[in-house]
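The values are calculated or read from the model by the stated rules, or taken from the named source; none is laboratory data. The structure presented is a predicted model; accordingly, all values stated were derived computationally and were not measured. For neighbour counting, all protein chains shown are included, and Cβ atoms are generated from backbone atoms with ideal geometry for every residue, glycine included.
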Amino acid sequence: MQVSASGFSQRKVTYVKKKTNLWDLFVAIKAQTGYKVLWSDEVIKTSEAIDANFKNATVQEVMDKVLTGKPVTYVLQDEMIVIRREEPSFREPIVRNTAPIDVTGRVLDENNVPLVGATVKVKGTSRTALTNNKGEFSLKNVDDKEVLVISFLGFETIEVKAAEASNSIKLLASSDKLDEVQIVSTGYQNIPKDRATGSFTIIDNKLLNRAVSPNLLDRLKGVTNGLLIDPLVGNPTGISIRGRSTIFSNTTPLIVIDNFPFEGDLNSINPNDIENVTVLKDAAAASIWGVRAGNGVIVITTKKGSFNKKTEITLNSNVTLTDKPNLYYQPQLSSAEWIDIEKKLFAEGKYTPELSNNWQSISPVIELLSKKTAVNSVSIDAQVEALKQYDIRDQIDKYFYRKGVQQQYFLNLNGGGSNNNYNYSVGYDRNDPIDVGISKNRYTVRGANTYGFLNNKLQITAEFILNRLSFANDAAGRLNTAKFPYEQLATDDGNPLPVLIGDLRASYTDVAGNGKLLDWKYRPLDELRSKANIVTSESTDIRFNTGINYRFLKPLLISANYQYFKSVGSSNQMADLNSYETRNSINTFTQINKTTGEITYPWPKGNTYSEANSLMNTNYGRIQLDFQKQFLTKHNISAIAGYEIRSEKGENLSVILYGYDPSTKMSRTRDNITYFPYFYNSNSMRFSSNGIGQSGTINNYISYYASGTYTFDDRYILSGSFRKDESNLFGVNTNQKGVPLWSMGIAWNVNKESFYHFDFLQQLQLKGSFGYNGNVNKSISAYTTAIPISANRFNSPYLSIINPPNPSLRWERVQNINLGVYFGLKRNIVTGSLEFYLKKGMDLIGTSPIAPQSGVVQYTGNVANTKTKGMDLQLNSQNIDKVFKWYSNFILNISKDKITSYMPNTGTNRDIITNTSFTPNVGYPINSIFSYKSTVLDQSGNPQGYLNSGVSTDYTKITGESNISALVFHGSIVPTVFGGIRNTFIYREIELSINIIYKMGYYFRRAVLQNGSLFSGVYVNPEYDQRWQNPGDENFTRVPSLLYPVNGLRDEFYRYSDFSVVKGDHIRLGDIKISYSLPNKILKRVGLQSLQFYGYANNLGIIWAANNMKLDPDINSGFPTPKSISLGIKTNL
């Protein structure tokens, strides 16, 4: 045996165990020292039985002992111990030959870390050199035309010309040549990847840091299997793991950070603190989390320190520049077209009611037309014509949007001694987005320590995390659009101009009150500049984790862990007297005595101030026993059992103050009993309550769990888990308060069988699992639930029943079946996995009618079932593996759900189509899209549908049908086929990565021309220039004619016709990243370990879309997310 171990520190290992094996020993080395042991199955068999008796031994002593007598050597490379076959020719560090030049160089990995013991060989000869502990090598008298072959176990072999080898030479890790003790984290235990029967996906640190977004979810988009990030999945995070298995309950996957569920805002988490992310997808992987695992689990592992490691400092900083939005993406009528509409409606008398008084809002054009006479017609026409040249979007773009700038700064220190390790980090993110006047900041502080005692048998951990978010909006009443397309926000020299808003016309607000009222004009630009209406918010999350674990009786480890989580949030809005919002409220109810001129203010004069505060406290405790034992050489048992208790308490308090003076903190109370008249008409109103609101929640849970894995000869794996959760929310009887959930899984490493001799398929593992996860709905209880309502007309509080008592209320359950195959071709040219799954949602919670005699008309209970089936495919390939490298990753996910039973009646076809969220229908996807079947327009430009198999324009009967078969079912509004293709190109120190994302198998309803909204003043209407205008146009267009007065059902039929539904399938260029790592010879001069410059481009647009209307399916309204470019630098000291 040869050894190259000059870089070993004095990290100690204690491991005493008879009849163990090398695999378990290597796992122990990694756990106690941080060293990863890498090997090839062709070099050494880790299942070989050994007797280990190491007490406080150095790593070198352990490795020397267990490898003595074997034809192998090992070297230390940074945090890796690499075992490789011994080659006699390596005994001499330098084999000389005659050549005209001397070659010296340095061999590094992709992170600029020296590779110790790398082989540098003159091609076609026996001349060889090994790199020293600095990665340096030397060869003398080499012909400058010779080629050097540079290799290192676990890395790709490259060839370079001798004349070019004096620089730093980088090798890239090759996953096909190494077996690493790769760990899957479930949040309860760490399981070697080869022994995990569940379905999971690991996003390592490099892939996670491929993107530069400060948001974790943005970094996961399109790069991981089984995970869909889309705004239509049914929860605020936009995350879905393998589809949806509930209807009205929580659809958000459980987020776990460092073994504890995370209840805070994901935006507060700094991705730079994260080491890796594991997505648990099936019951065998996730059921240990019980009733919270029905939507899948995302396990986040943060960075930790390492024992016996020198302090390492990492600095990462970048700046992101974002384009202004494209305000012209959404179609709208031009000012000229809108003015023509107004002229038409004026001529037909639409504005006669408004013109009958002197206050009601009318547009500048209508006000001009109402004053038109034979004498001034030329002047009026000229003024109207002049307005046609303006487009309000020009000035909105100029004054209310800007190029966004986002900055990130991150510092990390980590390391450790023989009995402790540490990891500290601070981060600061500043975001000045594209909206003028808005700013966001994030501060993160984190410190983690582990202390070892009694030869590390006893370990104590402590971790503190502080995340703080702040937000400011200097123009809460900002203008994103205007009432009329020809209005202007400012003069040519930038002075603010008033625009119309609300119910009052310009000529009325010019003179109302004869100067005794507050200014009644709305000047958006003035409010922005003066910060007249400001919204600010802050949130602070504090997490404290501590734990103690003790290993006794050799195979047993007992641990106790505790987490305290506190989240404090506050938001406030100050609308002062410069804001239109406050001035309008005061003026509307101001009373002026006609005799005395005395002014009274029912709405108190002064600022309007609102404040909302929230507080959440969570206490989480867990005690767990771990058992792990290898016996009779081939048998291995790993098991855990534990008990958890969790308590969550939330409080919310809000208040609105009127007539507020910020200098004295004084306010005035409104009279909420009296009806006060409006200033400008005969209407009157009684104010609502004074805006004081308070609410709170308390949730308590206890859980029992156990999980175990049995492995035979590293070939057959059997796993099982059980968990029971109990809550104060569910069940009246004791046996109904909790739900037992379980799973079982099997795996077979086929390639380790003695009969397996397929060299082309060197890795083959088959998996299967079955079990139950659960889901929780915190909005209901088994007991009568009521909510306080604001005071009635007698100023007395009262309660409204939300849900009647339901003693039979049960937890939702999700049955999971998963079958999979993991494979790798020879030399791992292609690796991947293919999995099929089936999920059944059972006892799902929804609303159901109840007899009115009970006092309520509906209740919420267990009324539905669903089924979801799908497939996950991942392929990784090495297309070119020379000096120039090309790697590819392909992800394909298919997920289709449907409702198999639902008790309530879904109503008429109109109810199904127009429901703002969704109406569940048995046999169809949870999020379905239906439409009225339509055909061409009639000769008058009316849309036509079908009634009793015949063409009809009877919109009342068409929309009133209750036969769902009369509707057109298109499919799901959520993508059912999605994934990505990522290509990585590497040439020396330059790396280029391109990610393409696709979504298929879904539909969306596009915006269409609506008479009703158009004639009500909504000029943001598409298809105006495509409408039917003359007989015969029905041969060329499907857009109906304009019809005044409006037929509401006609409008509705067209809006929800099949003509408005289009396929959402598209392929998008997600992002591009390019990086350059500085060569080592330059790093030496500046004293750095590594230095990388990188650029990143995001939101680069659609490559292909199924619709031919240039519509972005991900954008329901507004404009597409603008492109952004990031530039950054990362260094290790």
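Hey, SER695 hits all of (1) under 30 Å from ASN619 (Cβ atoms); (2) of a type outside the set (Phe, Trp, Tyr); (3) modelled with pLDDT of 90 or more but one; which does it fall short on?
(3)
Considering only the stretch 551-563, I want to know if a residue exists there that is within 28 Å of GLY691 (Cα to Cα) and either more than 40 Å from the chain's Cα centre (by Cα) or free of Cβ contacts under 8 Å to residues at least 40 places away in the same chain (or both).
no
Going through the stretch 818-836 one residue at a time, which ones are buried (at least 16 other Cβ atoms within 10 Å of the Cβ), touching a residue at least 60 places away in the same chain (Cβ under 8 Å) and either of a type outside the set (D, E, K, R) or outside any strand (DSSP E or B) (or both)?
Within the stretch 818-836, ASN818, GLY820, PHE823, GLY824, LEU825, ASN828, THR831, SER833 qualify.
Can you pull out every residue in the stretch 558-583 that is part of a strand (DSSP E or B) and among the hydrophobic types (A, V, I, L, M, F, W, C)?
If the condition is that a residue be part of a strand (DSSP E or B) and among the hydrophobic types (A, V, I, L, M, F, W, C), then ILE558, ALA560, PHE565, VAL568, MET574, ALA575 are the ones that fit.
To keep it simple, each residue is scored yes or no on (1) at pLDDT 90 or above; (2) farther than 28 Å from ALA747 by Cα.
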site: ILE257; (1), (2): yes, no
site: ALA283; (1), (2): no, no
site: GLY294; (1), (2): no, no
site: ILE300; (1), (2): yes, no
site: GLN330; (1), (2): yes, yes
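Go through the stretch 420-446 and give me each residue that's over 25 Å from the mean Cα position of the chain (by Cα) and without any contact (Cβ under 8 Å) to a residue 40 or more places away in the chain.
TYR424
Is there a residue being surrounded by 14 or more Cβ atoms within 10 Å (Cβ to Cβ), in a loop (DSSP other than H, G, I, E, B) and in contact with a helix residue (DSSP H, G or I) (Cβ under 9 Å, 6 or more places away or on another chain) anywhere in the stretch 369-386?
Yes.
State whether the residues of the stretch 436-456 include one that is among the basic types (Lys, Arg), touching a Lys or Arg at 6+ places or on another chain (Cβ under 8 Å) and within 24 Å of SER579 (Cβ to Cβ).
Yes, the stretch 436-456 contains at least one residue that is among the basic types (Lys, Arg), touching a Lys or Arg at 6+ places or on another chain (Cβ under 8 Å) and within 24 Å of SER579 (Cβ to Cβ).
Just one of LEU525, LEU469 is assigned to a helix (DSSP H, G or I), under 36 Å from the mean Cα position of the chain (by Cα) and in contact (Cβ under 8 Å) with a residue 12 or more places away in the chain; which is it?
When all the criteria are applied, what remains is LEU525.
Residues that are modelled with pLDDT under 90, in contact with a helix residue (DSSP H, G or I) (Cβ under 8 Å, 6 or more places away or on another chain), buried (at least 19 other Cβ atoms within 10 Å of the Cβ) and farther than 23 Å from SER539 by Cα: does the stretch 271-279 have at least one?
No, the stretch 271-279 has no match at all.
Would you point out the residue of the stretch 452-494, among those that are buried (at least 16 other Cβ atoms within 10 Å of the Cβ) and among the small types (Gly, Ala, Ser), that is nearest to ASN419 (Cα to Cα)?
GLY452
Give all pairs with beta carbons closer than 8 Å in which a residue from the stretch 591-619 that is free of Cβ contacts under 8 Å to residues at least 24 places away in the same chain meets a residue that is surrounded by 14 or more Cβ atoms within 10 Å (Cβ to Cβ); count only pairs at least 6 apart in sequence or on separate chains.
Close Cβ pairs satisfying both conditions: GLU598/ILE592; THR600/THR590.
Quick check: is even one residue across the stretch 624-644 part of a strand (DSSP E or B), in contact with a helix residue (DSSP H, G or I) (Cβ under 6 Å, 6 or more places away or on another chain), within 30 Å of VAL184 (Cβ to Cβ) and not basic (Lys, Arg)?
yes
Tell me, which strands (runs of 3 or more DSSP E) wholly within the stretch 950-1042 include 3 or more residues that are of a type outside the set (Ser, Thr, Tyr)?
Filter on the stretch 950-1042 gives 967-972, 977-987, 990-1000.
Go over the candidates ASP954, ASP938 one by one and state the one that is of a type in the set (Asp, Glu), out of contact with any Ser or Thr (no Cβ under 7 Å at 6 or more places or on another chain) and farther than 30 Å from SER1077 by Cα.
Exactly one residue qualifies, and that residue is ASP954.
Is it true that ALA512 is surrounded by 16 or more Cβ atoms within 10 Å (Cβ to Cβ) and not in a loop (DSSP other than H, G, I, E, B)?
Yes, satisfied.
Quick test of your reading of the structure: ILE586 fulfils all but one of (1) more than 30 Å from LEU517 (Cα to Cα); (2) not in a loop (DSSP other than H, G, I, E, B). Name the failing condition by number.
(1)
With respect to SER287, determine if the residue is in contact (Cβ under 8 Å) with a residue 12 or more places away in the chain and part of a loop (DSSP other than H, G, I, E, B).
So SER287 does not fit the description; no.
Considering VAL739, VAL814, which residue is surrounded by 21 or more Cβ atoms within 10 Å (Cβ to Cβ), at pLDDT below 85 and among the hydrophobic types (A, V, I, L, M, F, W, C)?
VAL739
Which residue pairs have Cβ atoms under 7 Å apart, sit 6 or more places apart or on different chains, and have a first residue in the stretch 363-381 that is within 21 Å of PRO498 (Cα to Cα) and assigned by TED's automatic domain parsing to the domain that holds GLU348 and a second that is part of a helix (DSSP H, G or I) and aromatic (Phe, Trp, Tyr)?
Short answer, once both residue conditions are applied: ILE366/PHE346; LEU369/PHE346.
Which of the residues belonging to the stretch 298-318 are crowded, with 16+ Cβ neighbours inside 10 Å and either in the same structural domain as GLU385 (by TED's automatic domain parsing) or over 30 Å from ALA28 (Cβ atoms) (or both)?
ASN316, ASN318
Would the stretch 1071-1079 turn up any residue that is at pLDDT 95 or above, farther than 20 Å from SER993 by Cα and of a type outside the set (Asp, Glu)?
Scanning the stretch 1071-1079, I find no residue that is at pLDDT 95 or above, farther than 20 Å from SER993 by Cα and of a type outside the set (Asp, Glu), so the answer is no.
Filter the stretch 1064-1086 down to residues that are without any contact (Cβ under 8 Å) to a residue 40 or more places away in the chain and not charged (D, E, K, R) and give me whichever is surrounded by the most Cβ atoms within 10 Å (Cβ to Cβ).
Looking at the filtered set, the residue picked out is ILE1082.
Residue check: is GLN32 in a loop (DSSP other than H, G, I, E, B), at pLDDT below 80 and either in contact with a Ser or Thr (Cβ under 7 Å, 6 or more places away or on another chain) or surrounded by 18 or more Cβ atoms within 10 Å (Cβ to Cβ) (or both)?
no
Enumerate the strands (runs of 3 or more DSSP E) found wholly within the stretch 656-714, keeping only those where 2 or more residues are within 22 Å of LEU504 (Cβ to Cβ).
Where strands (runs of 3 or more DSSP E) fall fully within the stretch 656-714 and carry at least 2 residues being within 22 Å of LEU504 (Cβ to Cβ), they are 675-677, 684-686.
Just need a number here: residues in the stretch 955-967 that are of a type in the set (D, E, K, R) and surrounded by 15 or more Cβ atoms within 10 Å (Cβ to Cβ).
1
Would you please name the residue that is farthest from LEU844 (Cα to Cα), looking only at residues in the stretch 917-939 that are without any contact (Cβ under 8 Å) to a residue 60 or more places away in the chain and among the hydroxyl-bearing types (Ser, Thr, Tyr)?
Residue satisfying both the conditions and the ranking: THR935.
Identify, please: which residue in the stretch 515-551 is surrounded by fewer than 19 Cβ atoms within 10 Å (Cβ to Cβ) and of a type in the set (Asp, Glu) and is, among those, nearest to PRO261 (Cα to Cα)?
Across the stretch 515-551, the extreme among qualifying residues is GLU538.
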